[in-house]
Structures are given as structure tokens and as C-alpha cells.
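This report refers to the structure that appears directly beneath it.
The values are calculated or read from the model by the stated rules, or taken from the named source; none is laboratory data. Model, not experiment: these values are computed from the prediction. As a convention, Cβ positions derive from the backbone with ideal geometry for all residues, glycine included, and neighbour counts pool all protein chains shown.
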Amino acid sequence: MQEIPPAVPAIIRWLNDSSIGTGIRESIWTFPLVEATHVLALGLSVGVLVWFDLRLMGLTMRHQPITHVHRQVMPYAIVGFVIMFISGGLVFWSEAVKCYLSIFFRIKVLMLFLAGLNAMIFEMTTKKTIVEWDKAPVPPLKARLAGVFSLILWIGVISAGRATAYNLF
């Protein structure tokens, strides 16, 4: 086991060394189950969001109103995200020092924040004019950009997450 650098904050050390963090990390079954749950929930959440993003970009389901696609995929995306968030928190808890020291984890968190911001902007501004373009095969530029940014950011979140898993401090 590598020595923890002194610059790591006490709360990160505490999480990492707590009985829960150690228990998850050292268990023969718990860590793989938590990690598998995290990856499967990611697949559910992001998998259905990709379909919505592709519709926003006007690349698929052009005959479907965007509100219809949104109504169908969002419940699954939200359930997947909640499970992904909880299981990701447990993964972080078990590897708090590794995550804290990883540039890839920091990139992942930043991209996750930006993906949330993109979704919030879409829901609070772009979607307000949806009545005007709901059935258009190709939505307006700001809707298409929301889909493009979402795809790029989720690809970044996933890539940085995988890089975090293989990054050693």
C-alpha cells in the first residue's frame, strides 16, 4: 500500500479509512457489486439519454415529437442517475484518497457538473419554446446544441471515470 501524501485533507483520509470505506474496498463481494451497479446504472441513465440527445440533434426519430421522447426516456434516466449517484458515492467512499488525487476524477466531476448545468439550461430555457418546434424533424440550433453538449459531456464523464479506475497515485 502506498503512503498517503500529507496534502490530502482529513475528511478524505477519514472516508477512505472508515470502516465503511475499508469494508467496501476490501470485501471480495461488496466492491464488485457496487461497481457493477454503478456501471449498469450508468448504462441505463446515459443509454436512454443518448436517444433523447440524438432526437434533439434531429438525427433519429424525426417523426416523434420531442416531448413524447422526453416523456418516455426521462423516468428511466432519472432512476438510473439516482442509482448511479448512490453507487458512485459508495465507490468514492471506498477509494476517497485515490479519487482525490486523480486528475481524471476531477475531470469527471467537472464534466458531470457541466452535464447537469446543460440539462438545467435545457429544462429551464430551451424547453420553454418547445411548442414551436416540438414536431420539427430538426429542432432549432439551441436544442441541437444541448444534445451535442450532452453527448460530449457524458462521453467525457465515462472516459474520465474509466481512467480514474486505472489511475494510481
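Structure above, values below:
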{"item": "Test result for residue 122, within 15 Å of residue 67 (Cα to Cα), in contact with a Leu (Cβ under 9 Å, 6 or more places away or on another chain) and in contact (Cβ under 8 Å) with a residue 24 or more places away in the chain", "result": "yes"}
{"item": "Segment 1-47 - residue that is polar (S, T, N, Q) and loosely packed, with under 13 Cβ neighbours inside 10 Å and, of those, farthest from residue 88 (Cα to Cα)", "result": "2"}
{"item": "Which numbered condition residue 86 fails, given (1) in contact with a helix residue (DSSP H, G or I) (Cβ under 8 Å, 6 or more places away or on another chain); (2) outside any loop (DSSP other than H, G, I, E, B); (3) farther than 15 Å from residue 167 by Cα", "result": "(1)"}
{"item": "Scope segment 1-55; condition hydrophobic (A, V, I, L, M, F, W, C), farther than 26 Å from residue 97 by Cα and either assigned to a loop (DSSP other than H, G, I, E, B) or touching a Phe, Trp or Tyr at 6+ places or on another chain (Cβ under 8 Å) (or both); matching residues", "result": "44, 46, 48, 49, 50"}
{"item": "Residue 97 in a helix (DSSP H, G or I), surrounded by fewer than 20 Cβ atoms within 10 Å (Cβ to Cβ) and at pLDDT below 95", "result": "yes"}
{"item": "Any chance residue 110 is in a helix (DSSP H, G or I), loosely packed, with under 15 Cβ neighbours inside 10 Å and without any contact (Cβ under 8 Å) to a residue 24 or more places away in the chain", "result": "yes"}
{"item": "Enumeration of residues in segment 24-39 that are of a type outside the set (A, V, I, L, M) and without any contact (Cβ under 8 Å) to a residue 60 or more places away in the chain", "result": "26, 27, 29, 30, 32, 35, 37, 38"}
{"item": "Odd one out for residue 61, checked against (1) in a helix (DSSP H, G or I); (2) within 23 Å of residue 140 (Cα to Cα); (3) in contact with a Leu (Cβ under 8 Å, 6 or more places away or on another chain)", "result": "(1)"}
{"item": "Filtered residues of segment 61-71 (kept if surrounded by 15 or more Cβ atoms within 10 Å (Cβ to Cβ) and over 11 Å from residue 135 (Cβ atoms))", "result": "61, 69, 70"}
{"item": "Residue within segment 125-140 that is of a type in the set (A, V, I, L, M, F, W, C), at pLDDT 95 or above and in a helix (DSSP H, G or I) present", "result": "no"}
